Amino acid sequence: MKKHGIIIINSFSYSPAFQNQTKRLIEEFKRLDIKIDIGKNSHINLYLDNFEIINRIKDYDFVVYLDKDKYPARMIEKSGQIIFNRPRAIELCDDKLQTYIALTQNNIKMPKTIPSPLKFYKTDVDDGIFLKKVIGILKFPIVVKGAYGSLGNRVFLAYDFEQLKALREKMVDIPHLYQEFVRSSAGEDTRVIVIGHIARAAMIRKSDKDFRSNIELGGKGYPTKLSDEYIEMAQKASKILGLDYCGIDILKDENSQPILCEVNSNAFFNTIEKVSGVNIAKIYAEYIYDKVYNRQNIALGYDD
């Protein structure tokens, strides 16, 4: 029986890291004798027709969804097709506030976080009470972060009230949050790749120019050995969020204990493969092979 899968990518993403991720997965699937096609989210034929979901990619054995476009992902899953990651998990990671809410009350340490209240129109009058509440709970500098965004985009640091006020005015009509700044981890975090709820590879990311450590913003990757506390946190977060594959970013407190920062359902692995020497694409491809062709506990169906 011929084995055939499809990788769905975003039609409008052209970064080299994104292209490398797709290329590496295709290489490793080929070694498993699985033919892989590429589908762009704006090209695939998926739509609702009265009582049915029309899914013209249904003949593929599985879908690897390297996008955050939630509506096609939901239709793929509800039509009964195997998809990695599942849409619910992608959605929880795409919205940082949803990530924190899902993970809280699970003994996972995270920075103190305040969601911005919903404001329908930028011109609506703000009475200023919310920002007074923020500075009563958090100390400067304060992280101001868009609920949606990746690669360090929409992440800022306010050092005083005027900067905080300006950032609020800039972001007031988009979902965003205010967060405790972890000084002990400024410009540094640990990226952990988790596949099948097992920590597979890790690196320390450092920047000497920015409080953000993202590789795309000039940060560098370095080898590291994870402590049991870091492994436990990463694996627990992956399991709670229902992720087959993810990158988990962990800060360190003043005692070098882990503080979860973010979870990325489509984390790039180009740098971490080079730094750690771990073939992440191979591990992920083999994990999918086992799930699809050896039928290892695949969950299908719509998950609210």
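Listing for the model above:
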item: Test: residue in the range 289-300 that is modelled with pLDDT of 95 or more and under 18 Å from the mean Cα position of the chain (by Cα); result: no
item: Selection count where residues are more than 19 Å from the chain's Cα centre (by Cα) and either of a type in the set (Phe, Trp, Tyr) or surrounded by 15 or more Cβ atoms within 10 Å (Cβ to Cβ) (or both), scope the range 1-22; result: 3
item: Meets criteria (modelled with pLDDT under 95, closer than 17 Å to LYS70 by Cβ and aromatic (Phe, Trp, Tyr)) for PHE12; result: yes
item: ASP127 being of a type in the set (Asp, Glu) and without any contact (Cβ under 8 Å) to a residue 24 or more places away in the chain; result: yes
item: Matching residues, the range 51-72, being of a type in the set (A, V, I, L, M, F, W, C) and touching a residue at least 40 places away in the same chain (Cβ under 8 Å); result: ILE57, PHE62, VAL63, VAL64, LEU66
item: Residues that are surrounded by 10 or more Cβ atoms within 10 Å (Cβ to Cβ) and either touching a Ser or Thr at 6+ places or on another chain (Cβ under 8 Å) or more than 30 Å from ASN20 (Cα to Cα) (or both), drawn from the range 47-59; result: LEU48, ILE53, ILE54, ASN55, LYS58
item: Residue list for the range 82-128, restricted to those being in contact with an Asp or Glu (Cβ under 9 Å, 6 or more places away or on another chain), of a type outside the set (A, V, I, L, M, F, W, C) and more than 20 Å from TYR178 (Cβ to Cβ); result: ASN85, ARG86, PRO87, ARG88, TYR121
item: Restricting the range 176-223 to residues that are among the basic types (Lys, Arg) and under 27 Å from ALA166 (Cα atoms), the residue that is surrounded by the most Cβ atoms within 10 Å (Cβ to Cβ); result: ARG212
item: Sole residue being surrounded by fewer than 14 Cβ atoms within 10 Å (Cβ to Cβ) and either outside the structural domain of MET233 (by TED's automatic domain parsing) or within 29 Å of GLU232 (Cα to Cα) (or both), chosen from TYR148, TYR121; result: TYR121
item: Filtered residues of the range 84-99 (kept if within 18 Å of LYS239 (Cβ to Cβ) and buried (at least 21 other Cβ atoms within 10 Å of the Cβ)); result: PHE84, ASN85, ARG86, PRO87, ALA89, ILE90, LEU92, CYS93, THR99
item: Search result, residues across the range 248-258 that are assigned to a loop (DSSP other than H, G, I, E, B) and closer than 15 Å to MET110 by Cβ; result: ASP253, GLN257
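This table checks each residue for (1) in contact (Cβ under 8 Å) with a residue 40 or more places away in the chain; (2) part of a helix (DSSP H, G or I); (3) among the hydrophobic types (A, V, I, L, M, F, W, C).
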site: PHE211; (1), (2), (3): yes, no, yes
site: GLY221; (1), (2), (3): yes, no, no
site: LEU226; (1), (2), (3): no, no, yes
site: TYR230; (1), (2), (3): yes, yes, no
site: MET233; (1), (2), (3): yes, yes, yes
site: SER238; (1), (2), (3): yes, yes, no
site: LEU243; (1), (2), (3): yes, no, yes
site: CYS246; (1), (2), (3): yes, no, yes
site: VAL263; (1), (2), (3): yes, no, yes
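The values are calculated or read from the model by the stated rules, or taken from the named source; none is laboratory data. Values in this document were obtained by computation on a predicted structure and should not be read as measured data. Using ideal geometry, Cβ is built from the backbone for each residue, glycine included, and neighbour counts are taken over all protein chains shown.
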